[in-house]
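Have a look at the structure below, then the notes.
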Amino acid sequence: MGNSQSPSSHKDPRFASSSRAFSHTELEALKSLHASLAAQSQSNGPHVSPSVFKGIYEKGTKDEIEEFIYQLLDVSGNGIVGRSDLECVLVAMFDNIFNMDNSEHGSSAHHDTVNIFLNAAKFAKHDERHAEESLSFEDFRTWCTLLPSVRKFLGSLLIPPNQGRPGSQVPRLLHLENIDPNMILLKKIYAWHIGGILPQHDLEEWKLLYHSSVNGLSFSTFLGNVSKDKGPTVLIIKDKEGYVYGGYASQPWERHGDFYGDLKSFLFQLYPTASIFRPTGANTNLQWCAVNFSSASIPNGIGFGGKVNHFGLFLLATLDQGHTFSCTTFGSPCLSKTNRIYPEVIECWGVVTKVADEEKHDGGKGTVLERFKEDRHMLNMVGLANASE
């Protein structure tokens, strides 16, 4: 951080613009704070060292940290956070995480990748001094909720770059060598996006368990393939409208006559907009897997959220059609262009976790009480554990 008292700072129009937001007393207090931090830095100059600043940053409240990140996004320094600012930030972020080379920067694929994350932002703030609509602080917070990987990365900017830095982890995607990579829906950047809500031990390896173009539209084949490891799975659908979306199933796909699952499940969108929708705690209609039922009240197929025949996402057992509606379970909208969906490609990936492997060797120590505690923790995260219904 530079010295706010230096002559060069006063010549900077951004300094003059920022100064107007403070009273004379507040500016003097800021100068005093800066001098104190510079002294602690022992840098033999009017600068604050990264280690000292990081210590102050980490003591901030969640609101203070998010306000700081929001201000950093004003790349152009014009006092607003516009679409062009966010685009610059996302390009730099993806370069850092995925090591994109210069040839990719101007490509349409690179442009599309940035746009799916920009499309989740709401630029609705109007300032008479600027022609460009901008992102308000509240809309920035909403954007971060929909894109937890982005929030995680931005919140770790003061940590030295390495593979272990939060927000940088990308699962290793494994599939058979005889499958054409161009057939795969799950790109690395999609896996990074989905993984933003998952713990570290779920970000090691994901392996392809089912692909409709390879395994055919067979529900029995689908269930047989995805049930082998008994672990979490990532279901991805590309429909005939070109939309890509899906759900993370924390529990195995097993035959039930009603909803089941826990609060670790969630829905997501991948294209043309990237978003994640976590459980709201409004109900426990999380996963659905009905096989060979003859009652119309128990539709055969797999799904997430909502209610029977009005799911957040549902695939019929024929795997050739389904539907998606807005639902309170995940606070999610219709995930496609229309409520009725016709899948073009269906994939399911198994999440390989170290924890799961260790539990297999230990004979499985998980108890009902431990599962309840985990769900209780998730409820606390959404602020509903102590709410009376």
Between Thr338 and Glu254, what length in nm is gained on full extension when 0.36 nm per residue of separation is reduced by their alpha carbon distance? 27.4 nm
The set of residues whose placed amide H lies less than 5 Å from the amide H of Leu313, leaving out same-chain residues fewer than 5 positions away, is Phe304, Phe325
Amide hydrogen neighbours beyond the local backbone of Cys334, cut-off 5 Å, H modeled: Ser326
Sequence-separation-based contact order of region 61-158, relative, with Cα cut under 8 Å and 6+ spacing, percent: 27
Name the residues of region 316-333 whose amide N is less than 18 Å from a point 7 angstrom out from the Cα of Leu217 along the C-beta direction? 316-324
Could you pull out the pairs from Lys152/Lys187; Lys62/Lys307; Lys207/Lys264 whose alpha carbons sit more than 27 Å apart here? Lys62/Lys307
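If you stretched the chain out fully between Thr145 and Lys240, how much longer would it get, using 0.36 nm times the residue separation minus the C-alpha to C-alpha distance?
On the way: separation 95, 0.36 × 95 = 34.20 nm, distance 2.83 nm.
That works out to 31.4 nm of additional length.
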Antiparallel bridge percentage (DSSP; both residues within region 172-354; nearest 5): 95
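Say R0 is 35 Å: what FRET efficiency, to the nearest 0.05, do Glu133 and Glu28 get from their beta-carbon distance? Intermediate values should be presented prior to the final figure.
Details: r = 36 Å, r/R0 = 1.02.
The pair Glu133/Glu28 has a calculated efficiency of 0.45.
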What is the set of long-range amide H partners of Asp239 at a cut-off below 5 Å, with H atoms built 1.01 Å from backbone N? Glu344
Just to confirm a number: summing +1 for Lys and Arg and -1 for Asp and Glu over residues other than Leu72 whose beta-carbon lies under 12 angstrom from that of Leu72, what do you get? -4
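Taken together, the values in this text are just the output of simple stated rules run on the coordinates, not laboratory data. Given the structure is predicted, the values throughout are model-derived calculations rather than measurements. Glycine also receives a Cβ, built like all others from the backbone with ideal geometry; neighbour counts cover every protein chain displayed.
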